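What follows draws every value from the coordinates through simple rules; no lab data is involved. Treat the numbers as computed from the prediction; the structure is a model and nothing was measured. Note that each Cβ is placed from the backbone with ideal geometry, even for glycine, and that neighbours are counted across all protein chains shown.
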Amino acid sequence: MHGLIWFVLIGLVAGWLAGVLMKGGGFGLIGDIVVGIIGAVIGGYVFGFLGVGTHGFIGQVFVATVGAVILIFLLRLIKRI
């Protein structure tokens with residue numbers, strides 16, 4: 001249960017940061033969590049593929065934020081088409 005709470009917290013922070021970085025603002029509480037969690041999966045895959053590892057809360061938030069930014073970028077790219 002403790003891990004799930006941290007996962008949701010990291011997703012919330014990462015989703016909010018990605019929304020701010022991509023100049024779209026936040027996506028609301030649930031939207032930020034979903035974007036952050038999907039971003040964590042994407043970021044974990046990308047960083048693992050590159051052979052880069054991070055540790056601790058800040059590292060996890062960084063990886064999830066990078067993944068969330070990639071997700072938002074791809075969604076906006078698809079939305080244009």
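Across region 46-56, the number of residues qualifying as outside any helix (DSSP H, G or I) and surrounded by 12 or more Cβ atoms within 10 Å (Cβ to Cβ) comes to 1. Scanning region 18-40 for residues that are surrounded by fewer than 21 Cβ atoms within 10 Å (Cβ to Cβ) and not β-branched (Val, Ile, Thr) yields Leu21, Met22, Lys23, Gly24, Gly25, Gly26, Phe27, Gly28, Leu29, Gly31. When each of Gly59, Gly15, Gly43, Gly11 is tested for being surrounded by 18 or more Cβ atoms within 10 Å (Cβ to Cβ) and either out of contact with any Asp or Glu (no Cβ under 9 Å at 6 or more places or on another chain) or aromatic (Phe, Trp, Tyr) (or both), the lone residue that passes is Gly43.
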